[in-house]
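Below: the structure, in structure tokens.
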Amino acid sequence: MTILVTGGAGYIGSHTVVSLLDAGFDVVVLDNLCNGSAESLSRVASITAKAPVFIEGDIRDSVCLSDLFSRYDIGAVIHFAGLKAVGESVLKPLDYYETNVGGTITLLKAMQSAGVHKMVFSSSATVYGLEAPTPYEETQPRGTTSNPYGSSKAMVERLLEDWTQAVPEASVVLLRYFNPIGAHESGLIGEDPQGIPNNLMPFMAQVAVGRRDKLSVFGGDYPTPDGTCRRDYLHVMDLAEGHVSALSSLEQPGVRAFNLGTGAPVSVLEMIRAFESQTGVQIPFEIVARRAGDLPEFWANPEKAQRGLGWFAKRDLDAMMVDTWRWQSNNPEGY
Ligand SMILES: NC(=O)c1ccc[n+]([C@@H]2O[C@H](COP(=O)([O-])OP(=O)(O)OC[C@H]3O[C@@H](n4cnc5c(N)ncnc54)[C@H](O)[C@@H]3O)[C@@H](O)[C@H]2O)c1
């Protein structure tokens, strides 16, 4: 079967393309390269000894999409393409809604015209909102989101629910990611943020490799065991494999949501210690003021994904650190 992977030249997308090719799927990647790299796909080809088809194009471009669906016999779509920087979404809400919501509508229309009704969507733990009790469970309703990025994910979940109501053969899996980190064990592909990284792990890796002086830890006075924020970090290859598992559940019509996380929260200070002990590299850091909008802690209850998809996170925190460092130290400037 051929899978269309939108955003497949990005961080999670490129790792998922490896898992798909390894599992025997054919892959067509559609990416406009606004935050991805064609080089990542060349490296995917060296890892798997198979090349995905790459189309440089935009999910908002209906002509490009209808051409793509007429040329390739797509069985299902894994939809990663989107804008993902929370802070930027506050400054550029229209861009975020246009790409994340508008782009998904354009994609769904093209899928529908081509008779393709299966989608795995990249959602996020952020849809649980600001007040949800942790661990987050799929039975909890979506909550109040605090920025346009989070709202766009919640809106797309809602529109996919409406789409599956209207189209009886439609089948959608919403994967709610927690905090993906790490890199493929080859060290050939990994996270390569443009500009200043927004997230802890790529920032720490850039400090370790000498691209940045020190790590700012936002807030040391949270109501958590060591005062720093706690998150549910999972290895990006575990996350990638979750998409392969999700594809097999698309035989069933309707919409289903699954948390993809480990279920174990880790604090910022624990992350620093784990990185230092696995790599031998010291991370200079400074505790600074809290960052607006950060929740003290949240993590997944991942049991539904184990029951429904047969998926659970297999790689531990040490592997996440070792693999991040292999990628970053072999590619100090990224791709
Ligand atoms: N990384 C995380 O922590 C995280 C957490 C939860 C959800 N997600 C979601 O997972 C998805 C993938 O995230 P990622 O970390 O790999 O991000 P990424 O930015 O590395 O990948 C997204 C890819 O989509 C492409 N893209 C963006 N707009 C496009 C458009 N209009 N048309 C075609 N391609 C376009 C980019 O060039 C990029 O290659 C995103 O939807 C993101 O919101 C990510």
What is the angle, in °, between the Cα long axis of helix 148-166 and the longest principal axis of the Cα atoms in the chain? Nearest 10 is fine, range 0 to 90.
30 degrees
Could you compute the net charge surrounding Gly115? Neighbours are other residues with a C-beta less than 15 Å from the C-beta of Gly115; K and R count +1, D and E count -1.
+1
Comparing Arg212, Arg231, Arg256 in a Gaussian network model of the chain (Cα, 10 Å), the one with the largest mean-square fluctuation is Arg212
What does the charge count around Val53 come to, taking other residues whose C-beta lies under 15 Å from its C-beta (Lys +1, Arg +1, Asp -1, Glu -1)?
-3
Considering region 248-335, what Rg and Dmax in Å follow from its alpha-carbon atoms?
17.4, 51
Cα gyration tensor of region 1-78 - equivalent ellipsoid semi-axes, whole Å, descending
19, 15, 9
Defining a contact as two alpha carbons under 8 Å apart and six or more residues distant in sequence, what relative contact order in percent does region 132-209 show?
12 percent
Rounded to one decimal in nm, the spacing of the 7 Å Cα→Cβ label points at Leu91 and Ala292 is 1.3 nm
GNM result for the chain, Cα springs below 10 Å: residue of Ala292, Ala240, Ala313 fluctuating most strongly
Ala292
Summed over the other residues with a beta carbon less than 12 angstrom from that of Ser40, with K and R at +1 and D and E at -1, the charge totals -3
Using only alpha carbon positions, build the gyration tensor of region 114-177, then give the equivalent ellipsoid semi-axes as the square roots of 5 times its eigenvalues, largest first, whole angstrom.
24, 12, 10
So, taking all protein chains as they sit and a 1.4 Å probe, how much accessible area belongs to Asp26, in Å² rounded to tens?
90 Å²
Taking H as built 1.01 Å from N, whose amide H comes closer than 5 Å to the amide H of Leu260, not counting residues under 5 places away?
Arg176, Tyr177, Phe178
In sequence order, what are the phi-derived ³J(HN,Hα) couplings for region 70-83 according to the Karplus relation 6.51 cos²θ - 1.76 cosθ + 1.60 with θ = phi - 60°, rounded to whole Hz, with x for glycine and proline?
7, 8, 10, 8, 7, x, 7, 10, 10, 10, 9, 4, x, 9
On Cα atoms only, tilt of 268-279 relative to the major axis of the chain in degrees:
90 degrees
If you plug each phi of region 5-22 into the Karplus form 6.51 cos²θ - 1.76 cosθ + 1.60 with θ = phi - 60°, what whole-Hz ³J(HN,Hα) values come out, in order, with x for Gly and Pro?
10, 7, x, x, 9, x, 5, 6, x, 5, 5, 5, 4, 4, 5, 5, 5, 4
Let me test this: with uniform point scatterers at the alpha carbons of region 289-335, what is the Debye-based log₁₀ I(q)/I(0) at q = 0.21, 0.25, 0.27, 0.28 1/Å?
-0.88, -0.86, -0.89, -0.92
Amide hydrogen neighbours beyond the local backbone of Phe54, cut-off 5 Å, H modeled
Val29
Largest-first principal axis extents of the Cα set of region 206-299 (Å):
50, 29, 21
As a test of understanding, state the convex hull volume per residue of the chain from its alpha carbons, in Å³.
119 Å³
Show me, for region 298-307, the HN-Hα J-couplings you get by feeding each phi into the Karplus relation (A = 6.51, B = -1.76, C = 1.60, θ = phi - 60°), rounded to Hz, glycine and proline as x.
7, 8, 8, 8, x, 5, 5, 5, 5, 5
Relative contact order of region 206-273: what whole-number percent is it, with Cα pairs under 8 angstrom and at least 6 residues apart?
35 percent
Nearest 10 degrees is fine. How inclined is helix 236-248 to the longest principal axis of the chain, computing both from alpha carbons?
20 degrees
The lysines whose Cα lies under 28 Å from the Cα of Lys84, excluding any fewer than 8 residues away in the same chain, are Lys92, Lys109, Lys118, Lys153, Lys214, Lys304, Lys314
Among Tyr222, Tyr149, Tyr97, the residue with the largest mean-square fluctuation in a Gaussian network model of the chain built from Cα contacts under 10 Å is Tyr222
Testing the spin-label approximation: label points 7 Å from Cα along Cα→Cβ at Glu56 and Thr2. State their distance in nm.
2.1 nm
Tell me what the chain gives for mean residue ellipticity at 222 nm when only DSSP H runs of n ≥ 4 count, each as -39,500 (n - 2.57), the sum divided by the residue total, rounded to 500 deg cm²/dmol.
-11500 deg cm²/dmol
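The values are calculated or read from the model by the stated rules, or taken from the named source; none is laboratory data. What you see is a predicted model, and the numbers here were worked out from it, not measured in a lab. Note: ideal-geometry Cβ built from the backbone for every residue, glycine included; neighbour counts use all protein chains shown. For accessibility, only protein heavy atoms count, side chains too; no ligands or nucleic acids. Shrake-Rupley method; radii C 1.70, N 1.55, O 1.52, S 1.80 Å.
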